[in-house]
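Okay, so here's the structure we're looking at.
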Amino acid sequence: MTGELAAPHPVLGAVVVLGVLLIGAAVVTTADAVVADRVAGRGLGLRTSLVRPWRRIALALVRPQPVTERPDWGLWVLAPATYVGMAALAVSVLPLGTDWAVADVRTGIVVLGSAEVLAMVAVFLHGWAPNSPLALVGAYRFVAAGLSFLLLSMFVLIAAALPAESMSLGRIVASQQEGVWNVLRQPLGMPLFLVVALSVSLHGPLDMADGTELATGTVAESSGPARLAWEFGRRAMLTAYALATAVVFLAGPTGPVLPGWVWLAVKAIAVAVVLVWCGHRLGRIGIERYVRLAWTVLLPLSFLHLAIAGVAALA
Amino acid sequence: MTIVTVLLAAAVLLGLGTWGVLSQQSFVMIMMGFELAINGIMLAAAGVWRFTSGGAPRGQVLVIVAMLVMAVEAAIGFALVVAVYRARQQDTTEGIAELSR
Amino acid sequence: MTGLATDLAFWTFAVAAAWFGWRVFRTDSMVRATFCLLASFLNVGAIMVLLLAEYLGVAMFFMMGVEMVVMAIFMVAFMMNPAGLNPMQMVHQPRAAVAVGIGAATGLAVVAAVADLPPAALLDEAGTIRALGNELMGSSMLLMEVVGVTLVATMVGAVVLSSASGRYGRADTGSVPPLLDPDDPDSRPDLASADGQDDAHAGHGGHGGHGGHG
Amino acid sequence: MAVMDRLRRVAATAPVPVSVALGHGADAVLAELRADARVDVTASPRHATVLVVAGHVPEAAVAALGRVHDQVPAPRATVVVDGDPARLDLPAATATTRAALVDELVRVHAAVVTGQRHDSPVGPADNPVDWQGIGPHGQGGEGMMGGVPWGRPMAMPPTAGRDGLALDRLALVVGPFLAVLPPMLEVEVGLQGDVLEDVELRTVPPDPHAPTPPPTAVDSGLVALAELLALVGLGALATTAARLARTPDRRVEDVAALRHRLDRPWGLRLGTDDLGRLDLPGVAPDPTDRWRDWLASAASTAVGDTHHAPGPVATDEVASQLVGMEVGHAVLTLVTLRPQLAASAVAPAVSS
């Protein structure tokens, strides 16, 4: 059932995945706060920038969840749980060290794609459940965006699988160790995949469901721990996709001297910081422009990318 | 998990799907019934492939064809519903039952 | 995985698949119905993974996720009770349907129980995906070509069926026929207003009140 | 519950999430709040602990203010800036001045979080619209339609000409205090998914004999720019713009530096270039040109030139041009008309 990499005991694996997501979310939150305060030029000092997010989290924990009129409570609780679960699913198939992954399944990239699809379901449900108009608009919007970026993501991942001759992410890393990193071998892949990462993790400038102009969209009716859970989910998803980017395009845990997981962490953090910085410098793109761009520019580019990768694999 | 238990689960899903198709009025719900029935068929095909084929990949191809049938059914089904809806303003079978012109 | 764990997982997924399949037709909320069906598919996909048809199982997650999201939007578009806030009666011939459903399930179950299917376990458990790939791109190539052509035909057919007739729209936004005389803005052919869309919203002005975000 | 107490003490030191309900002439307060690091201005009242009421709130908007008040999750508190809480039917609110506002907010927030303060709701505790038990299924309406609990319409199918691909029309009234819209603007829309089918815009004019707001050194163009930046997700740059807006003697280099950061294809223009052009008298047709105008005017006042306040626009003409837009595009378009809409609210334009 599994590929070549060793797997820890399932319980240990679950702990590892949860730990990765928690640490990743903390890193993303910290990076976000530091970048925001730097871009704002507030001169608050690094220490204040580092403390403020934790105080906001404490505040969220003591605030209540308001009751909207006739919400779908079941789905409202299920949505953030599913979203976090999909981030966990994505992390579990990634090789986290040079010789181990939580579950190095042979269908790794398809699992990654499935996590994306079910994350789209979770975002839709999160907008649907509160029975509130602006949240619902956010949900509709994300479906439009989701149907646009899913194909993109599949083509990019299939292209990465071609030189590895396997859908397993462990093999994809191995193929980069033997040859050139995918970021150089398939230069179009990483930018396209970063578009997917920002979109699926609802981070600016491609934050389609939770935009401020919709009064924060699907999260507009949430407060307190419910909102905290959703925000954790977003950051966990960004963590998962930063890790996936590092694995698929930057050879993941490959690197000299230091242990593999350190290299993976360094690469993933670099990707996450770049994504967070983009969010604070680029304006959110309108949904219509996004969809047009995705179908008329990015999707043909990904076709081209796949065709080139296919020819290169045959050569 | 044996061939019998898998087929049993598939039979239950197919029965549920049949019940849905026959009992629902709304076109969309009827389509969901069909999909549930096809779900059972796919499960049965996968079970038969696993336990009786010795690994011949043809069995899996059958499941892929079932998925195709499902996609076609959904697309054409929705298109028909749209067409009927536009013509009759109805989305239930009762609504067009007496209309044959 | 040990045999016991596999059995336990199988029964969990099987019961969940059936339970969600039943809930599809027992809820008043369209979105819940759709995602109950999705949950049923996901459980069957998980069983397929247990059956070592991994690719099919995971592809099931992927494909059915997309299909059910699209279906949910259609459900909201078509059903008069989009949020499922109100009680509904949307079944007919319920007794007969239950009888036929139980009959079908029982019949197939009996066939499954009594049929003598010759067991032949997988020869190469690790190579199922590779074998499937070789099959699809090898001896079943013709079949896959047919699948591809069928899908294209479906796309064309669905668009033709669902788009409103006419070369210039109404499908159903503001596309307009070109001017007969490019220099004369009054020369646009007059499309008969096809239906009462324009006065469709009369009568809603009375729903005053303020939204959730007054 | 020592853990909860500890959490509460930390939470009391967090930046204060405030929901801002703006009346007429409240740009100075908004700039103050956006610029201050001790305050987070939220887009939804659900995310706030404190509601800030600023500017002149006309009598006609008092009831709507009460609804926003009740949307802030309890425990909550309200701070009224330079106004009379009793006149606003918010008897529990704290009155303060603009100079003391942020200090007061920090104090009130700490009191709310530690459980020492809780303003009770001003609206009815229960659903004010009688709908339950009416109709064949007790759903409050005819046929399968439900009622309008809390006065909020449900999605309704059109009576005729329904296209199978159309969603039910969702009627929605927002404002005049929706944080993402220009102040004192009420918007009534029919939604088709996330696209506007029909739009009606209303401004709430000030009461007769309302006090004239004192002149401030705050640049309303830069305040509008800060709002626009916050809406496209550039909250950090919004802080910069707001800080610049409230600086009494702005340096022209600072304005130029801000413009340099925003006016590039991947900056703010990524959000505004594609909003759709408007054909309105006295308004730049291109959405990007509108905020460029604000920066140009801020730059010219910084070097001492006189500033020409933008004239009013006819709200019905704006409304007609919003039809067919996506909701987010429409909101951003309205914010790019913020100075003009503020002028229209005080002295409505006659539509041509």
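The values are calculated or read from the model by the stated rules, or taken from the named source; none is laboratory data. This is a predicted model, so every value here is computed, not measured. Note that we place each Cβ from the backbone using ideal geometry, even for glycine, and neighbour counts take in every protein chain shown. Quick note on the areas: whole protein, heavy atoms, side chains included, nothing else; ligands and nucleic acids left out. Shrake-Rupley method; radii C 1.70, N 1.55, O 1.52, S 1.80 Å.
According to the square roots a ≥ b ≥ c of the eigenvalues of the Cα gyration tensor, what is the shape class of the protein assembly as shown, taking rounded for a/c under 1.5, prolate for a/b larger than b/c otherwise, and oblate for the remainder? Since a/c reaches 1.5 and a/b is larger than b/c, the shape of the protein assembly as shown is classed as prolate.
Leaving out ligands and nucleic acids, note down the accessible area per residue over segment A:59-121 with a 1.4 angstrom probe, in whole Å². All intermediate terms of the calculation are to be shown ahead of the outcome.
On the way: 1750 Å² over 63 residues.
Per-residue value: 28 Å².
When both bridge partners sit in chain D, DSSP labels roughly 50% of those beta bridges antiparallel.
Pop out the Kirkwood hydrodynamic radius of segment A:1-153 from its pairwise C-alpha distances, inverse of mean 1/r, in Å to one decimal.
Details: mean 1/r = 0.0549 Å⁻¹.
Hydrodynamic radius (Kirkwood, Cα only) of segment A:1-153 equals 18.2 Å.
In the full protein context, segment B:16-64 carries 24 Å² of accessible surface per residue, based on a 1.4 Å probe and ignoring ligands, DNA and RNA.
Divided by 2.2 N^0.38 Å, where N counts the residues, the Cα radius of gyration of segment D:1-103 comes to 1.09.
Give the average, rounded to an integer, of partner chain Cβ atoms located within 10 angstrom of each Cβ in C:41-51. Let's see the in-between values first.
Values: counts 6, 3, 4, 9, 5, 0, 8, 10, 4, 5, 9.
Per residue, the average neighbour count from other chains is 6.
Here segment A:255-315 is treated as a Stokes sphere of Kirkwood radius computed over C-alpha pairs; at 37 °C and 0.692 mPa s its diffusion coefficient rounds to 218 µm²/s.
Protein heavy-atom surface of the protein assembly as shown, 1.4 angstrom probe: 65% of the accessible area is carbon and sulfur, with nucleic acids and ligands not counted. Here the spin labels are modelled as points 7 Å beyond Cα on the Cα-Cβ line, and at A:ARG47 and A:LEU18 they lie 3.4 nm apart. Model label sites at A:ALA313 and A:ARG55, defined 7 Å from Cα along the beta-carbon direction, differ in position by 5.3 nm. In segment A:123-253 the Cα-Cα distances spread across 5 Å bins starting at 0 as 2, 11, 19, 19, 14, 11, 10, 8, 5, 1, 0 percent of all pairs. For the protein assembly as shown, the share of DSSP beta bridges that are antiparallel, to the nearest 5, is 55%. Only Cα sites of chain A enter the Debye sum here, all with the same form factor; the resulting log10 I(q)/I(0) across q = 0.07, 0.08, 0.14 1/Å is -0.27, -0.35, -1.08, listed in q order. When the helices of chain D are scored as -39500 (n - 2.57) per DSSP H run of n ≥ 4 and the total is divided over every residue, the value at 222 nm lands at -10500 deg cm²/dmol. Say we join alpha carbon atoms closer than 10 Å with springs in a Gaussian network model of chain A; which of A:VAL93, A:VAL173, A:VAL195 then has the biggest fluctuation? Highest fluctuation among the options: A:VAL195.
Within the shell of other residues whose beta carbon sits under 14 angstrom from the beta carbon of A:PRO95, the net charge comes to 0, with Lys and Arg scored +1 and Asp and Glu -1. Its relative contact order, with pairs defined as Cα atoms under 8 Å and 6+ residues apart, puts segment A:161-315 at 29 percent. Dividing the summed helix terms, -39500 (n - 2.57) for each DSSP H run of n ≥ 4, by the number of residues in chain A produces a 222 nm estimate of -23500 deg cm²/dmol to the nearest 500.
Could you check which residue among D:LEU101, D:LEU172, D:LEU51 shows the biggest mean-square fluctuation in a GNM of chain D with a 10 Å Cα cutoff? The residue that fluctuates most here is D:LEU172. Spin-label pair A:VAL67-D:ALA284: with each label point 7 Å from Cα along the Cα-Cβ axis, the two points sit 5.0 nm from one another.
In whole Å, how far is the Cα centre of segment C:101-120 from that of segment D:43-79? Taking the Cα centre of each part, segment C:101-120 and segment D:43-79 sit 65 Å apart.
Inter-chain Cβ neighbour count for A:124-137, averaged per residue, equals 6 (cutoff 10 Å, partner chain atoms only). GNM on chain D, alpha-carbon springs under 10 angstrom: the most fluctuating residue among D:GLN340, D:GLN116, D:GLN321 is D:GLN116.
Rounded, prolate or oblate, given the Cα gyration tensor of chain D, with a/c below 1.5 counting as rounded? Verdict is oblate for chain D. Apply the membrane-span-like helix rule to chain A: whole DSSP H runs, Cα extent along the own long axis of at least 27 Å, mean Kyte-Doolittle hydropathy at least 0.5. List the helices found. For chain A, where a helix must reach 27 Å along its axis and average at least 0.5, the hits are A:10-40, A:73-92, A:108-128, A:133-164, A:224-249, A:260-281. Look at the stretch D:224-230: the mean tally of other chain Cβ atoms within 10 Å of its residues' Cβ atoms is 1.
Look at the Cα gyration tensor of segment D:193-263: its axes a ≥ b ≥ c give a/c of at least 1.5 with a/b at or below b/c, and that counts as oblate. Determine the total buried accessible area between chain C and chain B, counting protein heavy atoms only with a 1.4 Å probe; round to the nearest 100 Å². By this definition, chains C and B bury close to 6400 Å².
What's the buried accessible area, both sides, between C and D using a 1.4 Å probe, rounded to 100 Å²? Numbers along the way, then the final one.
Details: alone 16830 and 17700 Å², together 31620 Å².
Interface between C and D: roughly 2900 Å².
Computed over protein heavy atoms with a 1.4 Å probe, the accessible surface of segment A:161-285 works out to 29 Å² per residue.
Given R₀ = 25 Å, FRET efficiency for A:GLU165-C:LEU142 by Cβ-Cβ distance, to 0.05? Don't jump to the answer; show the numbers that get you there.
On the way: r = 24 Å, r/R0 = 0.98.
Here the calculated transfer efficiency is 0.55.
Applying the Kirkwood pairwise sum to the alpha-carbon positions of segment A:178-261 produces a hydrodynamic radius of 14.6 angstrom.
Give the calculated FRET efficiency between C:ALA120 and D:ALA74 to the nearest 0.05, with a Förster radius of 60 Å applied to their Cβ-Cβ distance. Don't skip to the answer; put the middle values down first.
Numbers: r = 67 Å, r/R0 = 1.11.
The value I calculate is 0.35.
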